[in-house]
Every structure is written in C-alpha cells, then in structure tokens.
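Single-structure report; data block below.
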Amino acid sequence: MDYLEIKGGQTLNGQVAISGAKNAALPLLASTLLAKEQVRLNNLPHVADVRALVELLEHLGAQAKWHTPNALEINTSQTTQCIAPYEIVRKMRASILVLGPLLGRFGKCQVSLPGGCAIGARPVDLHLSALEKMGAEIVIDKGYIVAKAKKGLKGCDLIFDKITVTGTENILMAASLAKGQTRIINAAKEPEVAQLCAFLQAGGVQISGVGSGEILVQGTDRQALDLKEINIIPDRIECGTYLCAAAITNSPLTLTNTNAHHLEAVLTKLGEIGFRTDIVEETPTNHTLKIHSTQQRKAFSLTTTEYPGFPTDLQAQFMALATQCEGSSLIEERLFENRFMHVGELQRMGAQISLKGAMAQIQGASDLTGADVMATDLRASSALVLAALVAKGKTRLHRIYHLDRGYEALENKMNALGAHIKRLHEKA
C-alpha cells in the first residue's frame, strides 16, 4: 500500500491547472446508459472513482475507449446486463448513480448497496422512496437494491425531505426516460447537477428550472437520448484545495481552468481571512484565478451548507488553514455527522482543536510538527497534505487510496509548485 512522505516548510509558487470535476463526471458517465449511441466525455479527471465507474459500465456491457487519460468514448447501446455487483460498487458510493438510468431503461435492475467514504449516514432511502413514487417496486435483498418497474416509470411530483445531490441526479436520469412529467421539489442546485441537466437537455429531454430548487422533467417514455459530447466542468473542490494550499503556506499561486462563479462562497471566505484573489476571464465559464500572499491571516467562522453556500467538501481543508490563522476560528458542519474524523490526525501534528457536537474550535496560529497520520476519507486526506506542507519535519500520510479517489496527480501538481512530496510503498 502506498503512502506519501511530505517535507514541510516549503513556499509554493507557480501555476496549476485544475482538472475536471469528479462530482460532475460520475453522473455524466452514468447518464451514458440513457444514450442511443456513442458518447464522448472530455476533461475527465483520471481518478480512481472515475475508473471504477467506467469499470462498472463495462461490466454492464458498455464499450469504452480511452483516447487520452482525460478523454473517453463510451457506447452503452448494446448493454443488456442490469446487475451492478458488490465487487465493483463497494469501491465508491457514487455507483448508486446507475440505479436511476438502469431502472428507467430496462424497467428492472439490481444494484449493490454502495461503499466509499465512511462519513456518517448518507442513506439512499431518499432515492428509493422517490423511485417508488414513480412506480418502482423495491426491496433490499442480501445487500442489493432489487428494483422493478414492469410498466416503466411514471412522472409525478416528488418532494425530497432533505436536499440530496446524488438523489436529485438519480431522479433526473430516471425521469428522463419516464412517461410524463416529473417535478422534483427541494432539488439540489450544485453546478454538477446543472451540467447533468444541460447534457440531458442536449440529448432531447425537456427540463426547466435548472439551478433552482424545483426542476421539471418531461420524460421520453423510454426513448433513448441523443447524447453526443460533453466537456466536464472544472473541479471546484480541487480548486478550493489548491487555494487553501496557497493560503496555508502564504504563497502566491495561479490556478487555470477554473470557474470562479462556482467558488463565490470560498473566495469570499478567503477574503475575510485576508487573501486577495484576482479573476481573469478567459471565457464566460473559464477563468484564471490568482491568489496573493498576505500580511496577516485572520481567524474566521464558517458553516457548511448546500450550494451556493460553503461546501462541506472543503471543510477539512479550511480547518487545516485555520491552524495557521491568528486567533480562534469556528467551523460548524451541518451536512454530515462524523465529518470531523480528521481532527484527531491534525491534533497529532500539534493542532489545537476542540469539538462540541457539530462545532469545531481551532486555536491558531499553531506550530505543526510532522507525524505519521492516516487518511480517513477523501477530503480529510487532502487536509492532512495541507497541514504537512507547513509542519516542521516530515509527515507520512497513510491510506492514500482515499486521496487517489478524487485528486488527479496531486503530488505531481504540488511538487511542480515547490512542495516536496514522495509517493512510497509500505514495507510488508
């Protein structure tokens, strides 16, 4: 098993290109199950979660051809298999995204209950209850979701009890092949959801309310979609992570292939801490971001919430940053329980953090020291990399398969900016 050895104390400088968004790529890959013929996806991040979903689609009968590590052509028109097995699904939670497309297309499917990050209860019951309202019969049998809709799915009004990104995406895809109109109330507003809507619209589905909390979908009654080609949007979470790398080391950095419109809450918070960022518009949806060093990093407060609020996927990284800010910072996690598992590892490095329920108080500025630490989930692993960048001595980060799930070539990108990171193999 690999681990990262990180030598702290380096100042960063230079330019880094942000990869395509993993959280946009996964539902777009799943949507190819709805397509008439071959689909091309560009700017795909070459990360473990994407490779796992491509493996699952191939298991289902898709033909996949990589033109580059970031460009894939996939054809699911000959797919007849509709069982997503545990051996593949266990690798990541997002495998649940094939449930809606398979059920919409075939009227039946079996999908293993998902794996992935262990960050609290992220139940799929919201997906299942919505599909049942659309006419599906669903049981859980031996760890599998067994779903049937013999007469196909029927559009209806659906109200999510709480906002769910993957739930919204699953129902969008299922509703695209349903009969009649589906109204999704309390829908997720994330940019990744909006891109899925745009792709489905380009394939012939009538969708209104994109980017709002209420989305209307007019289904095609099981007519396959004319999906062609899509360029994945930039990864706002990777971008936020590199902005935090600049901030925690107090270094100037330039980030290309970003969309600043998707980062307003993050850029606002960095401004409160003391960092100036400049936005250069290359096109309306492609920006170059420049973050400058600062004289003082001030303590801050943040609360995670659904988009367009502050993203939970950047909570851990900003906690690492808080260890280097002057004063007492407060972070409240409202979306997931158990998403403070990185706290104990940061404390091993010397961070002064106290927890009370969903609230963390971080006292800065702390002198961090390198240590052996363990990644507990995807975003916690990147927070530990950030802390290691400013820690005295060497840090060894273990269980980095979490990191590889969502960050493309992280150590290569960081090293190009001046970091000292080695990928090494654990001795047996």
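The values are calculated or read from the model by the stated rules, or taken from the named source; none is laboratory data. Computed from a predicted structure; not experimentally measured. Neighbour counts are summed over all protein chains in view; Cβ atoms, including those assigned to glycine, are modelled from backbone coordinates with ideal geometry.
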Next item on the list: Can you work out which of the residues in segment 102-120 that are buried (at least 19 other Cβ atoms within 10 Å of the Cβ) and not in a loop (DSSP other than H, G, I, E, B) is modelled with the lowest pLDDT?
Entry: Ser112
Notebook entry, point to check: What tally of residues in segment 349-386 results from selecting those that are without any contact (Cβ under 8 Å) to a residue 40 or more places away in the chain and either outside the structural domain of Asp313 (by the TED database) or surrounded by fewer than 18 Cβ atoms within 10 Å (Cβ to Cβ) (or both)?
Noted result: 12
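This table checks each residue for (1) part of a loop (DSSP other than H, G, I, E, B); (2) in the same structural domain as Lys269 (by the TED database); (3) more than 30 Å from Met319 (Cα to Cα).
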{"site": "Gly211", "(1), (2), (3)": "yes, no, no"}
{"site": "Val217", "(1), (2), (3)": "no, no, yes"}
{"site": "Thr220", "(1), (2), (3)": "yes, no, yes"}
{"site": "Gln223", "(1), (2), (3)": "yes, no, yes"}
{"site": "Leu227", "(1), (2), (3)": "yes, no, yes"}
{"site": "Cys239", "(1), (2), (3)": "no, yes, no"}
{"site": "Tyr242", "(1), (2), (3)": "no, yes, no"}
{"site": "Ala246", "(1), (2), (3)": "no, yes, no"}
{"site": "Asn250", "(1), (2), (3)": "yes, yes, no"}
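Evaluate segment 355-362: report whether one residue or more is closer than 14 Å to Leu4 by Cα, of a type in the set (Lys, Arg) and out of contact with any His (no Cβ under 6 Å at 6 or more places or on another chain). Walk me through how you get there before you give the answer.
The first filter runs over segment 355-362 and keeps only residues closer than 14 Å to Leu4 by Cα, leaving none.
Scanning segment 355-362, I find no residue that is closer than 14 Å to Leu4 by Cα, of a type in the set (Lys, Arg) and out of contact with any His (no Cβ under 6 Å at 6 or more places or on another chain), so the answer is no.
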Notebook entry, point to check: Of all residues in segment 252-285 being under 23 Å from Ser381 (Cβ atoms) and assigned to a helix (DSSP H, G or I), which is farthest from the chain's Cα centre (by Cα)?
Noted result: Ile273
Note to self: List the residue pairs whose Cβ atoms are under 8 Å apart, where the first residue sits in segment 178-206 and is on the phi > 0 side of the Ramachandran plot, the second is among the hydrophobic types (A, V, I, L, M, F, W, C), and the two are 6 or more positions apart or on different chains.
What the structure shows: Gly180/Cys156; Asn186/Ile159; Asn186/Phe160; Asn186/Ile163; Gly204/Leu225
Margin query: With the requirement that a residue be touching a residue at least 40 places away in the same chain (Cβ under 8 Å) and in contact with a Leu (Cβ under 8 Å, 6 or more places away or on another chain), what does segment 257-290 give you?
Written below: Thr258, Val266, Lys269, Ile273, Leu289
Check: Within segment 322-334, is even one residue in contact (Cβ under 8 Å) with a residue 60 or more places away in the chain, crowded, with 23+ Cβ neighbours inside 10 Å and closer than 22 Å to Ala260 by Cα?
Finding: no
Notebook entry, point to check: Applying the selection to segment 394-410, what residues are surrounded by fewer than 21 Cβ atoms within 10 Å (Cβ to Cβ) and in contact with a strand residue (DSSP E or B) (Cβ under 6 Å, 6 or more places away or on another chain)?
Noted result: Lys394, Arg396, His398, Arg399
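May I ask you to verify whether Thr288 is surrounded by 13 or more Cβ atoms within 10 Å (Cβ to Cβ), assigned to a loop (DSSP other than H, G, I, E, B) and not assigned by the TED database to the domain that holds Gly211?
Working: surrounded by 13 or more Cβ atoms within 10 Å (Cβ to Cβ): yes; assigned to a loop (DSSP other than H, G, I, E, B): no; not assigned by the TED database to the domain that holds Gly211: yes.
In short, no.
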Notebook entry, point to check: Residues in segment 150-165: is at least one in contact (Cβ under 8 Å) with a residue 60 or more places away in the chain and touching a Leu at 6+ places or on another chain (Cβ under 7 Å)?
Noted result: yes
Margin query: Can you tell me which residue is surrounded by the fewest Cβ atoms within 10 Å (Cβ to Cβ) among those in segment 291-321 that are in contact (Cβ under 8 Å) with a residue 60 or more places away in the chain and in a loop (DSSP other than H, G, I, E, B)?
Written below: Pro308
Next item on the list: Identify all residues within segment 335-347 that are surrounded by fewer than 18 Cβ atoms within 10 Å (Cβ to Cβ) and part of a helix (DSSP H, G or I); write none if there are none.
Entry: Gly344, Gln347
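Does segment 361-372 contain any residue that is more than 24 Å from Ser328 (Cα to Cα), at pLDDT below 95 and of a type in the set (Gly, Ala, Ser)? Explain how you work it out, then say what you get.
Residues of segment 361-372 that are more than 24 Å from Ser328 (Cα to Cα), as a first pass: 372.
So of that shortlist, the ones also at pLDDT below 95 come out as none.
Checked segment 361-372: no residue is more than 24 Å from Ser328 (Cα to Cα), at pLDDT below 95 and of a type in the set (Gly, Ala, Ser).
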Margin query: Let me spell it out: the conditions are (1) hydrophobic (A, V, I, L, M, F, W, C); (2) surrounded by fewer than 24 Cβ atoms within 10 Å (Cβ to Cβ); (3) free of Cβ contacts under 8 Å to residues at least 60 places away in the same chain, and Leu253 meets all of them except one. Which number is the exception?
Written below: (3)
